[in-house]
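Inspection log for the structure reproduced underneath, given as structure tokens.
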Amino acid sequence: MKSIEPIDTNQIKDAHPEAWYAEKLTTINGVNLKYRVMRDTTAQFHQHDDSPEGFYVLSGTVIMDTDQGSVTLAAGQFYQIEPGISHRSRVVGEATLLVIDKFKD
């Protein structure tokens with residue numbers, strides 16, 4: 001079996017200047033790994049009832065608001081949202097992160 005080619009996330013970020021962009025990099029054992037770029041934006045509150053969602057911050061600062069409070073994440077930090085928890089992400093400036101989930105696209 002052949003490995004996939006290397007993916008340059010810096011090229012993805014540079015090619016997408018919009019406020020919010022996400023791209024699925026791969027799926028491993030049914031789990032999606034997505035690269036997200038956020039610039040001066042706030043997502044809408046939402047929740048997932050079937051699966052947790054994980055966020056690993058690569059650069060910048062991401063604020064995760066939940067119905068249980070807010071958490072500020074810096075580069076190198078990971079945070080998991082459990083099913084049924086209403087949440088949104090906010091970024092002032094620019095941040096990049098990996099999103100780990102099992103949701104269908």
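When the residues of the range 63-99 are narrowed to those that are surrounded by fewer than 17 Cβ atoms within 10 Å (Cβ to Cβ) and in contact (Cβ under 8 Å) with a residue 40 or more places away in the chain, which ends up nearest to Lys13 (Cα to Cα)?
Glu94
Taking Val57, is it closer than 18 Å to Tyr21 by Cβ and of a type in the set (Val, Ile, Thr)?
yes
I need a count of the residues in the range 13-24 that are of a type outside the set (Asp, Glu), assigned to a helix (DSSP H, G or I) and more than 15 Å from the chain's Cα centre (by Cα).
Result for the range 13-24: 1.
Being closer than 20 Å to Ile12 by Cβ and basic (Lys, Arg) narrows it down to one residue among Lys104, Lys34; which is it?
Being closer than 20 Å to Ile12 by Cβ and basic (Lys, Arg) holds for just one of Lys104, Lys34, which is Lys34.
Can you tell me which residue among Gly76, Gly93, Gly84 is touching a strand residue (DSSP E or B) at 6+ places or on another chain (Cβ under 8 Å) and not in a strand (DSSP E or B)?
Gly76
Residue under question is Gly30, and the condition is that it be without any contact (Cβ under 8 Å) to a residue 24 or more places away in the chain, on the phi > 0 side of the Ramachandran plot and more than 13 Å from the chain's Cα centre (by Cα); does it hold?
In short, no.
Select from the range 25-73 the residues that are assigned to a strand (DSSP E or B), charged (D, E, K, R) and farther than 15 Å from Thr96 by Cβ and list them in ascending order. I'd like the intermediate steps shown before the answer.
Of the range 25-73, the ones assigned to a strand (DSSP E or B) are 25-28, 31-42, 46, 53-59, 61-66, 69-73.
Of the ones still in play, those that are also charged (D, E, K, R) are 34, 36, 39-40, 53, 65.
Of everything in the range 25-73, those that are assigned to a strand (DSSP E or B), charged (D, E, K, R) and farther than 15 Å from Thr96 by Cβ turn out to be Glu53, Asp65.
If Thr42 passes every condition in (1) open to solvent by less than 50 Å² (accessible area, probe 1.4 Å); (2) modelled with pLDDT of 95 or more; (3) polar (S, T, N, Q) but one, which one does it miss?
Result: Thr42 passes all but (1).
If the requirement is being within 21 Å of His87 (Cβ to Cβ) and open to solvent by 90 Å² or more (accessible area, probe 1.4 Å), which of these qualifies: Asp14, Asp50?
Being within 21 Å of His87 (Cβ to Cβ) and open to solvent by 90 Å² or more (accessible area, probe 1.4 Å) holds for just one of Asp14, Asp50, which is Asp50.
Answer yes or no as to whether Gly60 is on the phi > 0 side of the Ramachandran plot and surrounded by 15 or more Cβ atoms within 10 Å (Cβ to Cβ). Spell out how you get there, then give the answer.
Details: on the phi > 0 side of the Ramachandran plot: yes; surrounded by 15 or more Cβ atoms within 10 Å (Cβ to Cβ): yes.
The answer is yes for Gly60.
Only one of these is within 21 Å of Lys104 (Cβ to Cβ) and not aliphatic (A, V, I, L, M): Gln44, Gln11. Name it.
Details: Gln11 fails: within 21 Å of Lys104 (Cβ to Cβ).
Every option except Gln44 fails the conditions.
Is at least one residue of the range 20-35 open to solvent by less than 50 Å² (accessible area, probe 1.4 Å) and farther than 26 Å from Ser3 by Cβ?
No, that holds for no residue.
The values are calculated or read from the model by the stated rules, or taken from the named source; none is laboratory data. Please read these numbers as outputs of a predicted model, since none were measured by experiment. Positions of Cβ are generated from backbone atoms using ideal geometry, with glycine treated the same way; all protein chains shown enter the neighbour counts. With ligands, DNA and RNA removed, areas are computed over all heavy atoms of the protein, side chains included. Shrake-Rupley method; radii C 1.70, N 1.55, O 1.52, S 1.80 Å.
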